[in-house]
Amino acid sequence: MNIAVALRLMPNPGDELEVDPDGTDIDRDLVEMMVNDWDDQALEEAVLVKEATGATVTAVGLRGDGVEQALRTAFARGADRIVLVDAGELNPYDSRTAASAFAQAFRQLTPDLILTGVQTPTDLFGQTAPLVAAELGWPQANVVVGVEVVDGSTHVKQEYAGGKLAVLALELPAVVGVQSASSPPRYVSMARLRQATSEASMETLSVDVSSSPRSEIVSIARPEKAAHAKMLEGDAAEVASQIAAVLREQGALVG
Amino acid sequence: MGDVLVYTEPTGNTESLLALARPLAQAAGGEVIALRAGAGAGESDGLAGADVVLEVSHPSLSSYLPEAHQAALTAAIKARQPDLVLLENTTAGYDLAAACAELADLPFVGYCQQVSLEGGQAQTASGIYGGQLVANARTQLPAVCAINSTALHDHAPAAGRGEHAELTPPDELEHLRTKFVEEIAPPEEAGVDLAKAERIVCVGRGIGGAENIPVAQDLAEALDAALAASRPVIDSGWLPKVHQVGKSGAHVKPKLYLTLGVSGAPEHIEGMQGAELIVAINTDPGAAIFNIAHYGAVADLFDVADEMTQLVGG
């Protein structure tokens, strides 16, 4: 049983985003790239399945700033193999081409199960899981909150509006988009990370993708504000007392 | 040609999605087609806004299976050749929209808050980076767009022609590799019912860790409020799932919704935008939560929470 995890990157959620002078991308010099939140959940779920079944986990990333560190971290977290895919220079918003690069890599790596995050914050041109599944012709389920392997198929818990859940059985090979892992991503110590960095052997493979986008980003901007909060100024005590006054005025306090 | 094909779901914002489709179909010179995939003889509720209700009936479409609905929608796209395909960004939207675009060889745009058609192109505005930025894109038609649920509230239903049509179930439905196993009940916790709470204190990623939850818990107790959280807090295991508000958690309409360190991603806003009074504390002045909050402060949530707990709890 081989599980592959597709890892993409996102800006650190703590970083403030600025639009670049072109107006069609964020200023990437100002942000630190890290593993996309949801892909991190997918990695954790893959490692949980590995612990339950003895499967092998291969973490796969596309060449780009920060991806090698992300792959080494995946190794420290329990991935058995890490694979860096060279697909040339990719437009960071062209998730279609990125998914195509992943699909080609998976054709070479022949996993039984592919896990990736439900979305990345930038993928307005398509999520990885459905695109990879469509390209490979495999069954898929997205927005999944638990994965098990049962008698050659995978049982996934799919989540719907309002937290409703259903279990679906997908024949392998299959692609699953993970919303959250069955338990939170494990903590990895700096010592373990350093050790992993020296132990991990990064495999590489090349794929050839062509891009003929029929969509283009005209501009990226801060949202136009239909409305904006009335901002309360002052130090914490002043802010707190203004909020308390608003709550009292609007009848939002008890009694 | 010129038609707008709308994938409908029994639990989705169907009326609003059909209403949004109406001016687009007019602009493209076509009709609004509502696809209903089910086990047959279903309800037509909410489909009055369609000119054509396109029915695909097959036993495998009775419960939601991504593979089956993907085959049905792809078959509908190929049969009807619409200019535009619309889905809501629900679980089905996440499953189907991009996959069907790939299978029908069409471009796809997700997270749409606005769509207009002009000169054979779709102009869209999509919320990206968790709603912090908007990407305005231009896409060649025909195309597939997934619409954020937050953009599907203020559209009034418009009556359509209401013709019924049948689509032959695609062959793929006879040999699916996906099976429905069972529905399972969402987790519960005694005493936590966010939907009924009149006051809610909600913590976001800014709370920083499970060890800081008591700061918010104290304020919630002082306000006689329920404690809620956004997705990153739940996914990190800092609070149990039953506390989640948003797309995949509770949908709430309390009198007071006070957020501490919540950025305001669209998935969160979907669950709480109906709150009567929203007050937001965040250190980032650009946080999207301030665009929906009535009152806000750029401040350290711990300092403000402590001060407030003393003020209202004393």
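The residues in the range A:14-48 that are of a type in the set (S, T, N, Q) and closer than 28 Å to A:Thr58 by Cα can be counted, and the count is 2. Taking every residue in the range A:11-26 that is without any contact (Cβ under 8 Å) to a residue 12 or more places away in the chain and pairing it with any residue that is surrounded by fewer than 16 Cβ atoms within 10 Å (Cβ to Cβ), at least 6 positions away or on another chain, the pairs with Cβ-Cβ distances below 7 Å are A:Asp20/A:Asp27. Scanning the range A:2-48 for residues that are under 18 Å from the mean Cα position of the chain (by Cα) and over 24 Å from A:Ala101 (Cβ atoms), which turns out modelled with the highest pLDDT? If we take residues in the range A:2-48 being under 18 Å from the mean Cα position of the chain (by Cα) and over 24 Å from A:Ala101 (Cβ atoms), then A:Leu48 is modelled with the highest pLDDT. The criterion of at least 1 residues that are buried (at least 19 other Cβ atoms within 10 Å of the Cβ) and free of Cβ contacts under 8 Å to residues at least 12 places away in the same chain is met by none of the strands (runs of 3 or more DSSP E) wholly inside the range A:30-91. In the range A:209-228, is there at least one residue being of a type outside the set (A, V, I, L, M, F, W, C), more than 7 Å from chain B (Cβ to nearest Cβ), on the phi > 0 side of the Ramachandran plot and assigned to a loop (DSSP other than H, G, I, E, B)? Checked against the condition, which is being of a type outside the set (A, V, I, L, M, F, W, C), more than 7 Å from chain B (Cβ to nearest Cβ), on the phi > 0 side of the Ramachandran plot and assigned to a loop (DSSP other than H, G, I, E, B), the range A:209-228 yields no hits at all. Could you please find all residues in the range A:1-29 being part of a strand (DSSP E or B) and crowded, with 19+ Cβ neighbours inside 10 Å? Those that are part of a strand (DSSP E or B) and crowded, with 19+ Cβ neighbours inside 10 Å: A:Ile3, A:Ala4, A:Val5, A:Ala6, A:Leu7, A:Leu9, A:Met10, A:Pro11, A:Ile26.
On the given criteria, is B:Ala101 buried (at least 23 other Cβ atoms within 10 Å of the Cβ) and under 20 Å from B:Thr14 (Cβ atoms)? Talk me through it step by step, then tell me what you get.
Values: buried (at least 23 other Cβ atoms within 10 Å of the Cβ): yes; under 20 Å from B:Thr14 (Cβ atoms): no.
No: the conditions fail for B:Ala101.
Out of all the residues in the range B:51-60, is one or more in contact with a Leu (Cβ under 9 Å, 6 or more places away or on another chain) and within 13 Å of another protein chain (Cβ to nearest Cβ)? Within the range B:51-60 (the criterion being in contact with a Leu (Cβ under 9 Å, 6 or more places away or on another chain) and within 13 Å of another protein chain (Cβ to nearest Cβ)), the answer is yes, since at least one residue qualifies. If the condition is being more than 8 Å from chain A (Cβ to nearest Cβ) and either basic (Lys, Arg) or farther than 18 Å from A:Pro184 by Cβ (or both), then the range B:235-257 contributes B:Val245, B:Val252, B:Lys253, B:Pro254, B:Tyr257.
Residues in the range A:197-244 that are among the β-branched types (Val, Ile, Thr) and within 30 Å of B:Ala125 (Cα to Cα) were compared, and the one that is surrounded by the fewest Cβ atoms within 10 Å (Cβ to Cβ) is A:Val218. Within the range B:61-93, the residues that satisfy the criterion of being in a strand (DSSP E or B) and of a type in the set (A, V, I, L, M) are B:Leu84, B:Val85, B:Leu86, B:Leu87.
Scanning the range B:134-154 for residues that are over 19 Å from the mean Cα position of the chain (by Cα) and closer than 23 Å to B:Ile77 by Cα yields B:Ala137, B:Arg138, B:Thr139, B:Gln140, B:Leu141, B:Pro142, B:Ala143.
Going by the structure shown, is B:Pro157 facing another protein chain (nearest Cβ under 7 Å) and outside any strand (DSSP E or B)? Answer is no for this residue.
Just to check your reading of the model, which residue among A:Ser241, A:Ser206 is more than 7 Å from chain B (Cβ to nearest Cβ) and hydroxyl-bearing (Ser, Thr, Tyr)? Please lay out each step first, then the result.
Values: A:Ser241 fails: more than 7 Å from chain B (Cβ to nearest Cβ).
Among A:Ser241, A:Ser206, only A:Ser206 is more than 7 Å from chain B (Cβ to nearest Cβ) and hydroxyl-bearing (Ser, Thr, Tyr).
Here A:Gln179 meets the list (1) in contact (Cβ under 8 Å) with a residue 60 or more places away in the chain; (2) more than 30 Å from B:Val181 (Cβ to Cβ) almost entirely, failing just condition (2).
Give me the strands (runs of 3 or more DSSP E) completely within the range B:201-314, filtered to those with at least 2 residues that are under 27 Å from the mean Cα position of the chain (by Cα) and over 20 Å from A:Arg222 (Cα atoms), ordered by residue number. Answer list for the range B:201-314: B:226-229, B:256-260, B:277-282.
Mind checking which residues of the range B:1-60 are among the β-branched types (Val, Ile, Thr) and either at pLDDT 95 or above or not in a helix (DSSP H, G or I) (or both)?
Hits for the range B:1-60 are B:Val4, B:Val6, B:Thr8, B:Thr11, B:Val32, B:Ile33, B:Val52, B:Val53, B:Val56.
Across the range B:290-308, what is the total count of residues that are modelled with pLDDT of 95 or more and more than 17 Å from A:Gln242 (Cβ to Cβ)? The total comes to 1.
Being more than 13 Å from the chain's Cα centre (by Cα) and either within 27 Å of B:Tyr94 (Cα to Cα) or assigned to a helix (DSSP H, G or I) (or both) is a property that does not hold for A:Gln119.
Scanning the range A:130-175 for residues that are in contact (Cβ under 8 Å) with a residue 12 or more places away in the chain, surrounded by fewer than 24 Cβ atoms within 10 Å (Cβ to Cβ), of a type in the set (A, V, I, L, M) and at the interface with chain B (Cβ under 7 Å from one of its Cβ atoms) yields a count of 3.
Answer yes if at least one residue in the range A:175-198 is of a type in the set (Ser, Thr, Tyr), part of a strand (DSSP E or B) and closer than 25 Å to A:Leu109 by Cα, and no otherwise.
Of the range A:175-198, the ones of a type in the set (Ser, Thr, Tyr) are A:180, A:182-183, A:187, A:189, A:197-198.
Going one step further and asking which of them are part of a strand (DSSP E or B), we end up with none.
No, the range A:175-198 contains no residue that is of a type in the set (Ser, Thr, Tyr), part of a strand (DSSP E or B) and closer than 25 Å to A:Leu109 by Cα.
Restricting to the range B:281-298, count the residues that are closer than 19 Å to B:Ala225 by Cβ and facing another protein chain (nearest Cβ under 7 Å). Write out each step before concluding.
The initial filter retains those residues of the range B:281-298 that are closer than 19 Å to B:Ala225 by Cβ, namely B:281-282, B:289, B:292-297.
Among the residues that remain, those that are also facing another protein chain (nearest Cβ under 7 Å) are: B:293-297.
Matching residues across the range B:281-298 total 5.
Among residues of the range B:43-64 that are more than 18 Å from B:Asp3 (Cα to Cα), those with a beta-carbon under 6 Å from a residue that is β-branched (Val, Ile, Thr) at least six positions away or on a different chain give the pairs B:Gly46/B:Thr14.
Of the residues B:Asp171, B:Asp105, B:Asp83, B:Asp95, which is among the acidic types (Asp, Glu) and in contact (Cβ under 8 Å) with a residue 40 or more places away in the chain?
Numbers: B:Asp171 fails: in contact (Cβ under 8 Å) with a residue 40 or more places away in the chain; B:Asp105 fails: in contact (Cβ under 8 Å) with a residue 40 or more places away in the chain; B:Asp95 fails: in contact (Cβ under 8 Å) with a residue 40 or more places away in the chain.
When all the criteria are applied, what remains is B:Asp83.
Could you please find all residues in the range A:96-121 being within 8 Å of chain B (Cβ to nearest Cβ) and surrounded by fewer than 24 Cβ atoms within 10 Å (Cβ to Cβ)? Within the range A:96-121, just A:Pro121 meets the criteria.
The values are calculated or read from the model by the stated rules, or taken from the named source; none is laboratory data. Keep in mind it's a predicted model, so treat the numbers as computed, not measured. When we count neighbours, we look across all protein chains shown, and the Cβ atoms used for this are built from the backbone with ideal geometry, even at glycine.
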